[in-house]
1. For chain B, what's the relative contact order in percent, using C-alpha pairs closer than 8 Å and at least 6 residues apart?
2. Which order, highest average first, do B:103-114, A:434-445 follow once you tally other Cβ atoms within 10 Å for each residue and take the mean per peptide?
3. How much accessible area per residue does the protein assembly as shown have, counting only protein heavy atoms and a probe of 1.4 Å, in square angstrom?
4. Other chains near A:343-354: what is the mean number of their Cβ atoms within 10 Å of each residue's Cβ?
5. Using only Cα positions of chain A, each an equal point scatterer, no hydration layer, compute I(q)/I(0) via Debye at q = 0.09, 0.10 Å⁻¹ and quote the log10 values to two decimals.
6. In whole percent, how big is the carbon plus sulfur part of the accessible area of the range B:173-240, probe 1.4 Å, protein atoms only?
7. According to a simple spin-label model (label point 7 Å from Cα along Cα-to-Cβ), what is the distance in nm between A:Glu255 and A:Ala121?
8. Residues with amide H under 5 Å of A:Glu52's amide H, sequence separation 5 or more or different chain, H placed in the peptide plane at 1.01 Å from N; which?
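The values are calculated or read from the model by the stated rules, or taken from the named source; none is laboratory data. Computed from a predicted model, the values in this text were never measured in an experiment. Heads up, the Cβs are rebuilt from the backbone with ideal geometry, glycines too, and the neighbour counts pull from every protein chain shown. The protein model used for the area step is the full one, side chains on, heavy atoms only, and it has no ligands, DNA or RNA in it. Shrake-Rupley method; radii C 1.70, N 1.55, O 1.52, S 1.80 Å.
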Amino acid sequence: MGWAQRMKRALFTRGGVHPEPRKVSSIMKIFPGPNPEQVIIPLSQHIGAPCEPVVEIGDEVLVGQKIGDSAEYVSAPVHSSVSGEVTGIKKYPHPGGHDMLAIQITSDHLDRPSPDLQPVAEPLELAPGEIRVRVREGGIVGMGGAGFPTHVKLDTPADKSIEVMIVNGAECEPYLTGDYRVMLENSEQVLMGAKIAQRALGADRIVVGVEHVFPDVIRVMREAGGPFGIEVVSLPCRYPQGAEKSLIKSIAGREVPTGGLPRDVGASVSNVQTCYAVYDLFYNGRPLTDRVLTVAGDGIAGTANLRVKIGTTVSDVIDYCGGMVGEPGKVILGGPMMGVAQYTTGVPVIKTTSGIIVLRADTMLVEEPGHFTCIRCGRCVKRCPMNLMPYQMASYADIGDWDALERFDLEECMECGCCAYICPTKNPLVQLIKVGKDGLARRRRKMDSLVGTGDGRG
Amino acid sequence: MDWSLVWKAAIALGGLALLFGILLAFASRRFRVETDPRLNDLIGALLGSNCGACGYPGCEAAAQAVLDGKDSVDVCVAGGRKVAENVARVMGVEPTMAERGVALVHCIGGLEESVPKAIYQGIDSCAAADKIAGGHKACEYGCLGLGTCMAACPVNAIALDQDHRRWVNRDRCTGCGLCVEACPRHLIQVVPRNQEVLVVCNNRDKGARARQVCSVCCTACKKCEKVCKAGAISIADNRAWIDYDRCTQCGMCIEECPNRCIVRVAPRRRRRRRDLVTAGASSAETGS
């Protein structure tokens, strides 16, 4: 990388914070996860329409058998991760917080694979359309956290062209090391999956972005990617480096326009584990039924990187890792910056769960703000990677002034939490911005309905 | 000292003052905007809190609308009958007052009755709590009790007791409906003012599941539907609904409801406490 490029990258990365990495699990190999008695597989593990169950209570299912599907385009089917009997179809706790319809399967511990999906001999010879159909059938969604159906992402509209496909190996959240271990142990598989995705996208080149604090991964990926002509870029270490828009800014030097998508600037971003899932689907004929996640935190006996079956409950995973230590304070699914604290360990691991963080009550710093108290220091503005003004957005959201909020690009906020992290008065800025987004959406719906009826009054 | 400086300055400034005075006098005659003298009286007659419940940007806009004949004298939703009478007096017409309903919170599950599922840390607002994993209550339909409706109420008719139950003061409530829009769970409805028998649960889950999360929930057991002689109660979406046109307010359903989620709210303060005791609904909404 030449100095000019280096300068450009330095210039294009703005904002962000540096939380303590705490990536102790980075030296731990990926172990197979627990073999649960029962799995709970939610029918909504992605952005888009939830699935409808295609099995009934009492049905016999096999590993990789489709158990839920939707007719909508923006959706992805779900598959059984164990073989056994369907024992329940009702609402179960969901990592999102609301109880969601899910399918409970009691395992027979035989793990008999389903013959529905078979490996493809030459996946790189397939037509892009066929790749997308298979990716959808495999139930693959973005595994970085958002869960956007991958087949939709791989569908480049006719008037757009994708120049660069970025493989997201910047695992910037503290504690999490799952993507890192996958890149280290399955580098070739990840790149082969990326090649298939590249074919579907019609992208010219593949760039892998890895934070510079992982030189071993960069070396391994460069060795594996050399023959394919894949570039591996070392990125500055900061949070949120792995956010889609930040990554495009850092690697391609392009800024996604407000309200736009990465494809508008000729880029597409896929997570490392998504690429691995694509590989697994095409070369092994296995749909997305498991994922690598990190179990960490000071409240857990054993820190580990596990390949966990989708639908395994968090309590099963915690027991598998030796149980909790001390009085549990919080159990967070995902990273500590963007993850969601859970109220029960009965929630299942889903396709987008990148980690289980258990924090102890006695070492946990709990802030109880209650009210918004901003001292106008402006640190959140400086740290916002999207050039927004969090304190202003939060202030207006707090008093419910939706007219004033219209002036700020609330939709641009990706809720990375940099502002709340850096805030010296510990204001829940992200929460208030979420309230603001909701308020604006309600207001716009109301406006639209008024325009529809021709009634000028509220 | 040179006195000429003083009188020169005095003449110059006095001349300017005279000139501008003439100009201003001319302008005020020539460019005068005709305003209705009643506008100021009208603004005075309205509440002046600019609450926006009427749908206009503020009290002045509402007053202008009344003057222009675009709206009737009962434009002020929050002000109720009194303000309507004042506005009518200014306009010189008979006061007309559309009968406005009264707000009803479709949930009386307080801290004791409704099971919490999590400890909530964050901004004290229902809208904010609802954004985080659907709130801290196990019931995903019930009132979160953080007082977003109270903040929205322009006449302070909603109060919150220590058990996090909402109490609507029916004497103060003007039925403006601002709280209806504020509630993130859509729990508040404006019901007819003379309706006394009301269902105070909005749980749409099946009975068994509803019982798990709250002790004053509607389980859609249909007992009220069977006992109602007027045929005013129907069960839909796993909860009871009262048809206010048919209801004779006999109170049979209150006696029958096993979970005490149908209550009688009394219109007058004197009768209220006794009624609540006989209905067995200690947590009914009432006035203070």
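1. Values: 488 pairs, mean separation 41.3, N = 288.
14 percent.
2. Packing order, densest peptide first, comes out as B:103-114, A:434-445.
3. For the protein assembly as shown, the per-residue accessible area is 46 Å².
4. Counting Cβ atoms of other protein chains within 10 Å of each residue's Cβ and averaging gives 1.
5. Ignoring solvent entirely, the Cα scatterers give -0.60, -0.75.
6. So the carbon and sulfur contribution to the accessible surface is 49 percent.
7. 5.1 nm
8. Residues meeting the amide H criterion: A:Asp69, A:Ser70.
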